[in-house]
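Have a look at the structure below, then the notes.
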Amino acid sequence: MCIAVPMRIEAIDGLSARCSARGAERVVSLDLLHDSPLCVGDWLLVHVGRALKPVSAEEAHATWEIFDLMLETPESPDRLDADAQKP
Amino acid sequence: MRKSLDQGFDNGRVTIRARMTRDMVADVVVDCARPRGVASTLLRFAPAEIPAIAGRLFALCGQSQAIAARHAIAAALGRTVEANAMDLRRLAAERLSEHLRSCLIGWSRAAPLNALELAAARQALAILQRVLADQLDGLQDIDAHMAALGVGAAAPADTAWSARLIAAARDDAFPDISPDALSPADDAAVIDALARSGDSFVARPSLPGRRPETGAYARAIARGADLPGSGFSRRMAARLIEMAEARDLLLGRAVASLPWISSGMIENGGYAAVETPRGRLYHVVWRNVDNALARYLILAPTEWNFAADGPFAHLAAQARLPADRATDSLARLAALFDPCVACETRVDEAQHA
């Protein structure tokens with residue numbers, strides 16, 4: 001599904017930014033946020049290497065708390081899945 | 001889902017692998033890998049919190065996800081929720097925003113924008129972001145920005161971006177196959193299959209004797225829209241027509257031509273289906289004997305379109321593609337289907353005896 005990940009801006013170089021989250025870094029395109037005033041330390045919602053929109057630090061941390069819950073969830077917890085046919 | 005961003009926080013990927021023989025593509029294999037069981041995370045929250053969390057988690061179509069969650073949960077708990085004007089405004093803003101963004105990301109190389117068009121597109125996206133946050137200031141300016149892009153004009157000039165997009169989408173290597181549109185008439189079969197097969201159906205949805213497609217083109221065909229051009233141009237035209245319709249809805253000039261939200265009660269639960277930019281999205285929720293939410297499934301439109309034997313794979317497999325065009329043509333076809341995850345296209349040499 002259409003999961004976008006909050007990442008923190010570490011450096012800005014024109015229309016791209018070096019962003020980090022949970023110790024990992026990615027270069028993120030800012031081309032859709034051309035008019036947004038962005039600074040190092042701001043948070044962005046990132047999808048497939050592109051920043052969708054700025055988000056507050058509070059919202060970013062709240063989203064990561066949900067991701068943490070997802071990471072704790074077994075891959076296939078649906079109760080009928082074990083009986084379902086395999087391809 | 002993998003454990004950290006460094007290990008590849010994996011929100012899914014469509015992989016298209018074409019194999020060639022004698023300089024022509026012989027077959028195409030499509031794999032849509034997604035994290036499974038994600039929806040069940042929602043059950044850790046109170047029902048009233050889930051819509052906002054679904055919207056935050058699945059942020060690309062966050063409004064559609066939040067609205068689907070709200071309607072499905074209400075139905076599961078025995079309540080009815082009518083779609084209201086605010087829901088429709090948010091869905092229209094999301095549809096216009098996502099179609100515009102997809103055109104910019106997927107097609108700006110094939111149909112480059114000039115400086116004025118790029119400024120108009122960016123300003124339109126900024127306005128739509130505010131509308132999605134229920135800030136309606138500047139909404140009327142959408143009209144001028146869409147006009148600058150040639151979207152919604154009765155007869156756009158050949159030089160308009162919308163006309164250039166349609167021209168760029170042409171590709172005669174693919175057959176012109178009418179889509180088998182996923183529609184509200186399919187809801188009962190889809191929900192029954194979800195109830196029986198759970199996450200396995202989410203990962204590989206199919207209906208007997210069918211190859212359902214969902215999204216702008218399928219919706220246009222389902223309602224008999226008059227689409228100009230041929231082949232893939234018609235797919236792009238369908239997207240542009242939806243952008244104009246969404247603009248008109250936002251500006252109060254039109255009403256939705258098809259229901260954007262369906263919902264209802266099912267045995268021990270409820271469902272909602274929402275027409276998102278990329279197609280029909282299902283949220284289905286069941287409650288247990290204590291009347292608490294106990295099972296949650298979400299079926300996204302990309303799963304139908306990029307199923308192993310789905311409409312994308314079917315079209316790609318019937319193409320007459322020279323090897324030197326294969327990667328570009330398949331990537332353009334994928335961009336027209338507009339997956340909500342990353343998409344990789346690989347062309348491999350077949351092994352010769």
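When residue B:131 is tested against (1) within 14 Å of chain A (Cβ to nearest Cβ); (2) more than 21 Å from the chain's Cα centre (by Cα); (3) of a type in the set (Val, Ile, Thr), exactly one condition is not met: (2).
When residue B:84 is tested against (1) closer than 16 Å to residue B:168 by Cβ; (2) surrounded by fewer than 21 Cβ atoms within 10 Å (Cβ to Cβ), exactly one condition is not met: (1). Does segment A:6-21 contain any residue that is assigned to a loop (DSSP other than H, G, I, E, B), touching a helix residue (DSSP H, G or I) at 6+ places or on another chain (Cβ under 6 Å), free of Cβ contacts under 8 Å to residues at least 24 places away in the same chain and not basic (Lys, Arg)? Yes, because at least one residue in segment A:6-21 is assigned to a loop (DSSP other than H, G, I, E, B), touching a helix residue (DSSP H, G or I) at 6+ places or on another chain (Cβ under 6 Å), free of Cβ contacts under 8 Å to residues at least 24 places away in the same chain and not basic (Lys, Arg). Before we move on, is residue B:196 under 24 Å from residue B:73 (Cβ atoms) and basic (Lys, Arg)? Considered against the rule, which asks whether it is under 24 Å from residue B:73 (Cβ atoms) and basic (Lys, Arg), residue B:196 comes out as yes.
When the residues of segment A:21-47 are filtered to those that are open to solvent by 20 Å² or more (accessible area, probe 1.4 Å) and among the small types (Gly, Ala, Ser), the one that is nearest to the other protein chains (Cβ to nearest Cβ) is A:23.
Tallying residues that are open to solvent by 50 Å² or more (accessible area, probe 1.4 Å) and within 13 Å of chain B (Cβ to nearest Cβ) within segment A:1-20 yields 2. The set of residues from segment B:170-211 being within 14 Å of chain A (Cβ to nearest Cβ) and over 20 Å from residue B:14 (Cβ atoms) comprises B:191, B:192, B:193, B:194, B:195, B:196, B:197, B:198, B:208. Can you give me the number of residues within segment B:219-244 that are part of a helix (DSSP H, G or I) and either without any contact (Cβ under 8 Å) to a residue 40 or more places away in the chain or farther than 16 Å from residue B:98 by Cβ (or both)? The total comes to 9. Residues in segment B:297-353 that are charged (D, E, K, R), part of a helix (DSSP H, G or I) and open to solvent by 20 Å² or more (accessible area, probe 1.4 Å): B:324, B:325, B:328, B:332.
Could you list, in sequence order, the residues of segment B:272-288 that are open to solvent by 10 Å² or more (accessible area, probe 1.4 Å) and closer than 23 Å to residue B:216 by Cβ?
B:275, B:278
For residue B:173, state whether it is open to solvent by less than 20 Å² (accessible area, probe 1.4 Å) and farther than 24 Å from residue B:281 by Cβ. Yes. Of all the residues in segment B:197-233, those that are of a type in the set (Lys, Arg), surrounded by fewer than 22 Cβ atoms within 10 Å (Cβ to Cβ) and more than 15 Å from residue B:282 (Cα to Cα) number 3. If you take the residues of segment A:63-77 that are within 7 Å of chain B (Cβ to nearest Cβ) and modelled with pLDDT of 85 or more, which of them is nearest to residue B:202 (Cα to Cα)? Step by step, filter segment A:63-77, then rank; the result is A:66. Contact map, segment B:141-161: first residue touching a residue at least 60 places away in the same chain (Cβ under 8 Å), second residue surrounded by 15 or more Cβ atoms within 10 Å (Cβ to Cβ) and acidic (Asp, Glu), Cβ cut-off under 9 Å, separation 6 or more or different chains; pairs are B:152/B:143; B:152/B:245; B:152/B:248.
Tallying residues that are open to solvent by 10 Å² or more (accessible area, probe 1.4 Å) and β-branched (Val, Ile, Thr) within segment B:56-81 yields 2. Any residue that is within 14 Å of another protein chain (Cβ to nearest Cβ) and touching a residue at least 24 places away in the same chain (Cβ under 8 Å) - is there at least one of those in segment B:70-92? No, segment B:70-92 has no match at all. When segment B:44-55 is filtered for residues that are open to solvent by 50 Å² or more (accessible area, probe 1.4 Å) and in contact (Cβ under 8 Å) with a residue 12 or more places away in the chain, the ones remaining, listed by number, are B:47, B:52.
The values are calculated or read from the model by the stated rules, or taken from the named source; none is laboratory data. This structure is a prediction, so every number in the text was calculated from the model and none was measured. All Cβ positions, even for glycine, are placed from backbone atoms using ideal geometry, and neighbour counts span all protein chains on display. Ligands, DNA and RNA are stripped out before the accessible areas are found, and what is left, the full protein with its side chains, is counted by its heavy atoms. Shrake-Rupley method; radii C 1.70, N 1.55, O 1.52, S 1.80 Å.
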